[in-house]
1. Among what's in segment 63-113 and is part of a helix (DSSP H, G or I), of a type in the set (A, V, I, L, M, F, W, C) and in contact with a strand residue (DSSP E or B) (Cβ under 8 Å, 6 or more places away or on another chain), pick the residue that is surrounded by the most Cβ atoms within 10 Å (Cβ to Cβ).
2. Is at least one residue of segment 148-162 in a helix (DSSP H, G or I), over 15 Å from residue 107 (Cα atoms) and at pLDDT 95 or above?
3. May I ask you to say which residue of 250, 187, 183 is outside any helix (DSSP H, G or I) and within 27 Å of residue 80 (Cβ to Cβ)?
4. Just to be sure, is residue 135 part of a strand (DSSP E or B) and outside the structural domain of residue 70 (by TED's automatic domain parsing)?
5. Would you mention how many residues in segment 117-163 are surrounded by 21 or more Cβ atoms within 10 Å (Cβ to Cβ), within 24 Å of residue 198 (Cα to Cα) and over 14 Å from the mean Cα position of the chain (by Cα)?
6. In segment 164-174, which residue that is within 18 Å of the chain's Cα centre (by Cα) and free of Cβ contacts under 8 Å to residues at least 40 places away in the same chain is nearest to residue 206 (Cα to Cα)?
7. Take segment 191-235 and flag every residue that is in contact with a helix residue (DSSP H, G or I) (Cβ under 7 Å, 6 or more places away or on another chain), of a type outside the set (A, V, I, L, M, F, W, C) and under 24 Å from residue 139 (Cβ atoms).
Amino acid sequence: MYLVFDIGGTNIRIGVSSDTQSLTTTKSVLTMQNFEEGIEAIKNIAQVLSGGEQIQAVAGGIAGLLDKDKTMLIASAHISGWINKPLKNKLEEVFGVPTKLENDSLLGGLGEAVYGAGRGTNIVAYIAVGTGVGGARFVDGKIDQNSLGFEPGHQIIDLDGNECNCGGKGHLETYVGGFYLEKKYHKRAEEITDHKVWDEAAKYLAIGLNNTIVHWSPDIVILGGSVANKIPLDATQRYLSQFLTIFPTKPTLVKAQLDYPGLYGALELIKS
């Protein structure tokens, strides 16, 4: 049995697989800000989902930047209680098997690139709009080389704009991320029904996509994450057509297909 997880800014998703190709069963709980409580939750849920079977390998993602050896979180705008904690070592201690870590959005994109909307496409850009905004670039179904990961959500779209939890200003995620929408409108993003709010979010997202596309030059752009499902795709495409003027043809823009892309990406990480 193989254990996979996705530690996001709002939820922790955990799954098990018997073949590294499909998920046997999954469970989601709210993300704990306390590291030790989070580890205990992963341990207990894993025992239930696996039915007591031996775990052979563990892999998963977490929201933020990892150190170069992929052993711990070193920066995160939303789960500060996990920063500089020995996540890889602790999980290997708990389960007694090798553990692989990656950024959560990167694994979500890997899942979509290999199993979802990007399957069979050469160059894939994945942008996840959830609590914050993450994403990554994939070439031939593999993670593109990088030094410290990818952080498209922290690109600056307004130099004197909204304050970001990371300490910067005017970052893309402060205009479309669920945490910041809730802060501005005093309700969860999923509960916002005003079409003007979502049209504005589509406009800001298109600005970010323009920047991402001219840097990464993808064949396809996949939008994942819970908040992305609320942002109208047609409005995003309309604004993007206005902003993206340098390329004669536009990459395909689609919504993600998988329910648990980060968990599928973790399965691919185990296989690699």
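1. By that ranking, first place goes to 107.
2. Within segment 148-162 (the criterion being in a helix (DSSP H, G or I), over 15 Å from residue 107 (Cα atoms) and at pLDDT 95 or above), the answer is yes, since at least one residue qualifies.
3. Among 250, 187, 183, only 187 is outside any helix (DSSP H, G or I) and within 27 Å of residue 80 (Cβ to Cβ).
4. So residue 135 passes the test.
5. Count: 1.
6. Filtering segment 164-174 for residues that are within 18 Å of the chain's Cα centre (by Cα) and free of Cβ contacts under 8 Å to residues at least 40 places away in the same chain, the one nearest to residue 206 (Cα to Cα) comes out as 172.
7. 208, 210, 212, 224
Conditions (1) in contact (Cβ under 8 Å) with a residue 12 or more places away in the chain; (2) over 28 Å from residue 130 (Cα atoms), marked per residue:
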position	(1), (2)
43	yes, no
52	no, yes
64	yes, no
67	no, no
81	yes, no
99	yes, no
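The values are calculated or read from the model by the stated rules, or taken from the named source; none is laboratory data. Computed from a predicted model, the values in this text were never measured in an experiment. Every residue, glycine among them, receives a Cβ derived from its backbone with ideal geometry; neighbour counts consider all protein chains shown.
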